[in-house]
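Peer 1: Before anything else, here's the structure in question.
The values are calculated or read from the model by the stated rules, or taken from the named source; none is laboratory data. A quick note: this is a predicted structure, and the numbers were derived from the prediction, not measured. All Cβ positions, even for glycine, are placed from backbone atoms using ideal geometry, and neighbour counts span all protein chains on display. Each accessible area value is taken on the protein alone, full model and side chains, heavy atoms only, with ligands, DNA and RNA left out. Shrake-Rupley method; radii C 1.70, N 1.55, O 1.52, S 1.80 Å.
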Amino acid sequence: MKETGFEDCTMAEDGPNDNPTNELEDSLQNSPIAKCQIPGLEYVLFVKGSGPHSIDYGVAPGAPPKEVIVSRKCAEAVLRGAQVFVPGVMACSAHVEKGDAVAVSVAIEQHGPDGGWAIGMTRGTVLQGLQTDPYYSERYGLYIGQGITKMSRAGIFRVSEGIAVDMNNRVFKLPSFHDVLEGEIFLQNLPSIVAAHALDPQKGERILDMCAAPGGKTTAIAILMKDEGEIVAADRSHNKVLDIQKLAAEMSLTCITTYKLDALKAVRRRNESNDNVTVQSSEPLRFHEEKTFSTVQVLNPEKVRNEIVSNEKENERTYVSKADIRKSNRRMRNGPGRNQCLGGRVENSKGFDPDSFDRVLLDAPCSALGLRPRLFAGEETVGSLRNHAKYQRRMFDQAVKLVRPGGVIVYSTCTINPGENEALVRYALDTYKFLSLAQQVGLNADSSSGGRAGNVYLKGCHDIYGVLMDEKAEKS
Ligand SMILES: C[S@@+](CC[C@H](N)C(=O)[O-])C[C@H]1O[C@@H](n2cnc3c(N)ncnc32)[C@H](O)[C@@H]1O
């Protein structure tokens, strides 16, 4: 395969108006770091990676290398420059000690006898270098690099966090920013930065980020607001809310308030009190995601505008996707894994008052067909793609109720499925006559998108940023 460049980007923390330091300017010469050329995003630096590189893993007949197999999500992160963290390790050779060199490969879901997709091993599997090992024959096409273990095999499966493997030889290389200009710069995906710009948050405003975890866009918004105002960052998952809190704390951002909240119930019911409930979770809350996923909101009909009422009928149907049922079955087999609640305080929100936000970001859960790197997309079917779209409409209905008259909604996805992008805009404009589509801001939109208003397809970027909405007129 040809070696190609790929990019991640980093942001100087002081935001758009401050120039990078002279040292950084100097280091830009002949380095894998380049200034972003998009007007308004000059404070963004692109970091170029390279790959694929070939690696000699020392595989020899009868002498298998020590190995670690990681989950697909973990491998996708490693391909973007991350280390292997403990929760991502699925299997490891016997007798691995701290400091051993290991070959790292990925467990990709396989089609199972039950018709679903599964990785075919339980966490903690011992690799013996035998043909009976999971993935024995396929593994040679699935290596993503080499590294040095930071703990023994026993340690990896005993502790719940920390670096398991320090990757020192990668199929795709990106410079490490660990300990570099700490607090001054941080890594972000370009779409997170662009979505934050499209929202155009102003200092002192009240912003809602409805599906906020892990907080990439929330923190980009906070920086644009110079940490002045209020960003309500919500997600339905307890653990993911903790991730947002952690990221906000790491970046010393104080304008972010986090809540556990189902975006389908983001509008407070009329008779609900204002009190949010803090949940300190030390006990595992298993399968809580499925429960919230399958419940729907039925709003007080008196309060709902005529045009919204028709959408509520859709909401009354319970939605449990096949993917979720499969996920649940898998958890039954493999244990709770990452979905086991980590300890930490999270506020449970009962929703927010209508018209109470200046701007709303709905970065909806989606089929993620535009995400790169992506090692597997087999779980999507025509039916599941349709279900994503239905789910997104119901979330959008909530966003419309929450934004104030004259406010702005940005809807974004990381998919190329028109049902989740263009069709949602059509739905929004047809359903809510008081909404209008905003002009595209000065972003480097790809002309191959045909200039369709509201869609920003970024050149040179793996993710695809979806649809931009604006609410200009008074709601009626
Ligand atoms: C595309 S990700 C958001 C990424 C995030 N905006 C960022 O930039 O870091 C979608 C998120 O939606 C959350 N989610 C899915 N269904 C939800 C629901 N009903 N209510 C709230 N959050 C939900 C998922 O937990 C996931 O974290």
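Peer 1: Here are A103, A91: which of them is at pLDDT 85 or above and within 21 Å of S160 (Cα to Cα)? Talk me through it step by step, then tell me what you get.
Peer 2: On the way: A103 fails: within 21 Å of S160 (Cα to Cα).
Exactly one of A103, A91 is at pLDDT 85 or above and within 21 Å of S160 (Cα to Cα), namely A91.
Peer 1: Pull up the stretch 43-77, narrow it to residues that are under 25 Å from the mean Cα position of the chain (by Cα) and in a loop (DSSP other than H, G, I, E, B), then point me to the one that is modelled with the lowest pLDDT. First the steps, then the outcome.
Peer 2: First pass over the stretch 43-77, keeping only residues under 25 Å from the mean Cα position of the chain (by Cα): 43-52, 68-77.
Filter again for in a loop (DSSP other than H, G, I, E, B), leaving 43, 52, 71.
Values: Y43: 84, P52: 91, S71: 95.
Per the criteria, the residue is Y43.
Peer 1: Taking the condition of a type in the set (D, E) and more than 17 Å from Q146 (Cα to Cα), does E42 pass? Spell out how you get there, then give the answer.
Peer 2: Numbers: of a type in the set (D, E): yes; more than 17 Å from Q146 (Cα to Cα): yes.
Yes, satisfied.
Peer 1: Please go through the stretch 360-397 and give me each residue that is at pLDDT 90 or above, within 14 Å of the ligand (Cβ to nearest atom) and either open to solvent by 50 Å² or more (accessible area, probe 1.4 Å) or assigned to a strand (DSSP E or B) (or both), ordered by number.
Peer 2: Scanning the stretch 360-397 gives V360, L361, L362, D363, P365, K390, R393.
Peer 1: Something else now. Keeping to the stretch 212-240, report how many residues are out of contact with any Leu (no Cβ under 7 Å at 6 or more places or on another chain), within 9 Å of the ligand (Cβ to nearest atom) and at pLDDT 95 or above. Full working, then the answer.
Peer 2: Initial filter on the stretch 212-240 (out of contact with any Leu (no Cβ under 7 Å at 6 or more places or on another chain)): 212-213, 216, 218, 220, 223-226, 228-231, 233, 235, 237, 240.
Now restrict to residues that are within 9 Å of the ligand (Cβ to nearest atom): 212-213, 216, 218, 220, 233, 235, 237, 240.
Okay, now just the ones that are also at pLDDT 95 or above, so 212-213, 218, 233, 235, 237, 240.
Selection size over the stretch 212-240: 7.
Peer 1: State all residues of the stretch 251-263 that are within 14 Å of the ligand (Cβ to nearest atom) and touching a residue at least 60 places away in the same chain (Cβ under 8 Å); if no residue qualifies, say none. So that I can check it myself, show each step before the final result.
Peer 2: The initial filter retains those residues of the stretch 251-263 that are within 14 Å of the ligand (Cβ to nearest atom), namely 251, 253, 256, 258-263.
Once the filter is applied, which keeps residues that are within 14 Å of the ligand (Cβ to nearest atom) and touching a residue at least 60 places away in the same chain (Cβ under 8 Å), the stretch 251-263 yields M251, T258, Y259, K260, L261, A263.
Peer 1: I've got another one for you. Which residue, of G335, G344, G351, is more than 21 Å from the chain's Cα centre (by Cα), modelled with pLDDT under 90 and open to solvent by less than 30 Å² (accessible area, probe 1.4 Å)?
Peer 2: Checking each option against the conditions leaves just G335.
Peer 1: Kindly indicate which of V346, V410 is aliphatic (A, V, I, L, M), under 28 Å from I256 (Cβ atoms), touching a His at 6+ places or on another chain (Cβ under 6 Å) and within 14 Å of the ligand (Cβ to nearest atom).
Peer 2: On the way: V410 fails: touching a His at 6+ places or on another chain (Cβ under 6 Å).
Being aliphatic (A, V, I, L, M), under 28 Å from I256 (Cβ atoms), touching a His at 6+ places or on another chain (Cβ under 6 Å) and within 14 Å of the ligand (Cβ to nearest atom) holds for just one of V346, V410, which is V346.
Peer 1: Of everything in the stretch 177-211, what is away from the ligand (no atom under 12 Å from the Cβ) and among the acidic types (D, E)? Give them in sequence order.
Peer 2: D179, E182, E184, D200, E205
Peer 1: Scan the stretch 235-257 for residues that are small (G, A, S) and within 17 Å of S192 (Cβ to Cβ) and jot them down.
Peer 2: In the first step, residues of the stretch 235-257 are kept if they are small (G, A, S); the result is 237, 248-249, 252.
Listed by number, the list holds a single entry, A248.
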